[in-house]
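What follows is a short report on a single structure.
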Amino acid sequence: MRCATCHKPVKKETTTIICPRCENRLKQNLQDLIQLHKEAHYCLQPQKGSSGSNSGEPTSGVNLHALDFVAGNRIFNILHEWEKLIRHERKLTLPAFLPKYASIEDEIKATVYFHVTHLDWSIQQEWVNDYMLEINELHSFGMTAARRFLDPVKRIPCPTDVDDKLCNGFIAVKGNDVLETVLCNRCGTTWTAARLIAVAMSDPRLEIWLDAEAISHWVGLGERQVLRIVAKNDVPKKGALIELQSFMRVRDK
């Protein structure tokens, strides 16, 4: 049996039709929408140095991607439609009978929480490939709206144990100083960048996304050599970020 999204082999005894990597990516992309919506509020102004549109027409002076994402319409159009389907198939309370939320932020948190809560069921459905494609496209739009692609900030999942579960809150590491102190906003744990990466790497369930420069500092290779290894071995990438665990497995071979 192969994963419905990446087509890699899936263990026969599993009840899902997507692989663990795609499942983790889907879950993280859903959870990340809350923070992306928050970050997009700070990106409403056009990027400095931008003087207008490609056509030469004057712009509105607003980052339209961020404005769209902040309004929440794109998020709700996708998440609410899928939520409606899940509620119907699982015979849950229909959206029309749910209470209204006080703010867009609360409504986004509620629908994201719903999708994450029912994810174990959703990944067993025959429509999971379409579901994942739409969630990933929404996430990519949010990344653009929040301008995460403009500055490849390293984002490392927090490996702190909280009530016998991984915290998994993403910690932003902006520099290449391994002694830099960073804080997890979810659980409040303070780390040095070096300790954070080392502990996270000891857990194969976590994905660690760094740029080529940071990986070259960490493993003692030249940046060009890192990029050559990535290109030759199809190591997973997100924009300028490279998944460190996969890179290390390839390098160790």
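If you go through segment 192-228 and keep only what is buried (at least 16 other Cβ atoms within 10 Å of the Cβ), part of a loop (DSSP other than H, G, I, E, B) and among the acidic types (Asp, Glu), you end up with just Glu207.
For segment 152-164: of the residues being charged (D, E, K, R) and surrounded by fewer than 23 Cβ atoms within 10 Å (Cβ to Cβ), which is modelled with the highest pLDDT? Among those that are charged (D, E, K, R) and surrounded by fewer than 23 Cβ atoms within 10 Å (Cβ to Cβ), it is Asp161.
Residue count for segment 91-131, restricted to those that are of a type in the set (Ser, Thr, Tyr) and outside any helix (DSSP H, G or I): 3.
Residue count for segment 131-151 under the criterion of being farther than 18 Å from Ala40 by Cβ and either modelled with pLDDT under 85 or in contact with a helix residue (DSSP H, G or I) (Cβ under 9 Å, 6 or more places away or on another chain) (or both): the result is 3.
Among the residues of segment 188-199, is any under 19 Å from the mean Cα position of the chain (by Cα) and over 15 Å from Ala240 (Cα atoms)? Within segment 188-199, one or more residues are under 19 Å from the mean Cα position of the chain (by Cα) and over 15 Å from Ala240 (Cα atoms).
Matching residues to (1) surrounded by 12 or more Cβ atoms within 10 Å (Cβ to Cβ); (2) modelled with pLDDT of 90 or more; (3) more than 24 Å from Glu39 (Cα to Cα); (4) in contact with a strand residue (DSSP E or B) (Cβ under 9 Å, 6 or more places away or on another chain):
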{"residue": "Val70", "(1), (2), (3), (4)": "yes, yes, no, no"}
{"residue": "Arg74", "(1), (2), (3), (4)": "yes, yes, no, no"}
{"residue": "Leu79", "(1), (2), (3), (4)": "yes, yes, no, no"}
{"residue": "Leu85", "(1), (2), (3), (4)": "yes, yes, yes, no"}
{"residue": "Glu89", "(1), (2), (3), (4)": "yes, yes, yes, no"}
{"residue": "Leu92", "(1), (2), (3), (4)": "yes, yes, yes, no"}
{"residue": "Phe97", "(1), (2), (3), (4)": "no, no, yes, no"}
{"residue": "Ile104", "(1), (2), (3), (4)": "yes, yes, no, no"}
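If you take the residues in segment 82-125 that are charged (D, E, K, R) and more than 30 Å from Arg2 (Cα to Cα), which one is farthest from the chain's Cα centre (by Cα)?
The first filter runs over segment 82-125 and keeps only residues charged (D, E, K, R), leaving 83-84, 87, 89-91, 100, 105-107, 109, 120.
Within this subset, residues satisfying the condition of being more than 30 Å from Arg2 (Cα to Cα) are 100, 105-107, 109.
Values: Lys100: 27, Glu105: 18, Asp106: 20, Glu107: 19, Lys109: 15 Å.
Ranking the qualifying residues of segment 82-125, first place goes to Lys100.
Give segment 3-21 a look and list any residue that's modelled with pLDDT of 75 or more and either part of a loop (DSSP other than H, G, I, E, B) or within 12 Å of Asn129 (Cα to Cα) (or both), or say none. Listed by number, the residues that qualify are Cys3, Ile17, Ile18, Cys19. Ala214 fulfils the conditions (1) small (Gly, Ala, Ser); (2) modelled with pLDDT of 85 or more; (3) touching a strand residue (DSSP E or B) at 6+ places or on another chain (Cβ under 9 Å) except for a single criterion, (2). Would you confirm whether or not segment 175-191 contains a residue that is outside the structural domain of Asn24 (by TED's automatic domain parsing), surrounded by 15 or more Cβ atoms within 10 Å (Cβ to Cβ), in a helix (DSSP H, G or I) and modelled with pLDDT of 80 or more? The answer is no; no qualifying residue exists.
The values are calculated or read from the model by the stated rules, or taken from the named source; none is laboratory data. All of these numbers come straight from a predicted model, not from anything done at the bench. Virtual Cβ from ideal backbone geometry, glycine too; neighbours counted across all protein chains shown.
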